[in-house]
Ligand code: ZN
């Protein structure tokens with residue numbers, strides 16, 4: 001088990017557009033276990049590779065914390081979304097800040113597993129929200145980017161007072 005350090009806002013790595021993964025090899029498998037260990041250690045429900053300094057399209061998600069509920073999401077694409085929900089979110093890269101944003105309710109995502117096999121998830125609820133949050137990370141987008149202008153000002157003031165994180 002190797003815990004990785006979490007990159008915190010406003011680290012520029014969090015703004016990078018991540019590259020698709022091409023090699024589904026042993027080094028990917030150990031990276032995925034490090035990412036899962038780090039996510040559980042930080043009590044997160046999702047972690048994206050740029051959050052540990054790697055601009056690659058890899059995320060791990062576990063919203064249920066049960067045996068077998070960890071999912072590994074590589075090179076994901078949202079192919080369909082519908083509806084709108086209010087989502088109260090936080091982020092391991094912006095510790096101790098939470099706010100409510102709008103997300104799509106239902107989504108369909110295609111992605112690859114650790115062996116390079118393509119699969120599809122169709123979901124709603126917390127898993128849908130978490131997937132959207134993590135896929136945003138792979139595009140250099142943070143949940144605070146979805147805040148209204150007024151709420152963004154509140155976040156900026158919060159960061160001035162509480163940063164560096
Ligand atoms: Zn996040």
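The values are calculated or read from the model by the stated rules, or taken from the named source; none is laboratory data. Given the structure is predicted, the values throughout are model-derived calculations rather than measurements. Positions of Cβ are generated from backbone atoms using ideal geometry, with glycine treated the same way; all protein chains shown enter the neighbour counts.
For the reader, a short list of remarks on this structure follows.
- Meets criteria (in contact (Cβ under 8 Å) with a residue 40 or more places away in the chain, surrounded by 13 or more Cβ atoms within 10 Å (Cβ to Cβ) and under 16 Å from the mean Cα position of the chain (by Cα)) for residue 141: no
- Residues being out of contact with any strand residue (DSSP E or B) (no Cβ under 7 Å at 6 or more places or on another chain) and in a helix (DSSP H, G or I) - total across region 32-52: 8
- Answer residue from region 144-157, given it is surrounded by 14 or more Cβ atoms within 10 Å (Cβ to Cβ) and either within 16 Å of the ligand (Cβ to nearest atom) or not in a helix (DSSP H, G or I) (or both) and is farthest from the chain's Cα centre (by Cα) among those: 155
- Set side by side, the residues 33, 27 differ, and just one is away from the ligand (no atom under 15 Å from the Cβ), modelled with pLDDT of 95 or more and more than 22 Å from residue 121 (Cα to Cα), which is 27.
- Every residue from region 84-114 that is exposed (fewer than 15 other Cβ atoms within 10 Å of the Cβ), on the phi < 0 side of the Ramachandran plot and in contact (Cβ under 8 Å) with a residue 60 or more places away in the chain: 95
- Looking only at residues in region 14-31 that are assigned to a helix (DSSP H, G or I) and surrounded by fewer than 17 Cβ atoms within 10 Å (Cβ to Cβ), the one that is farthest from the chain's Cα centre (by Cα) is 26.
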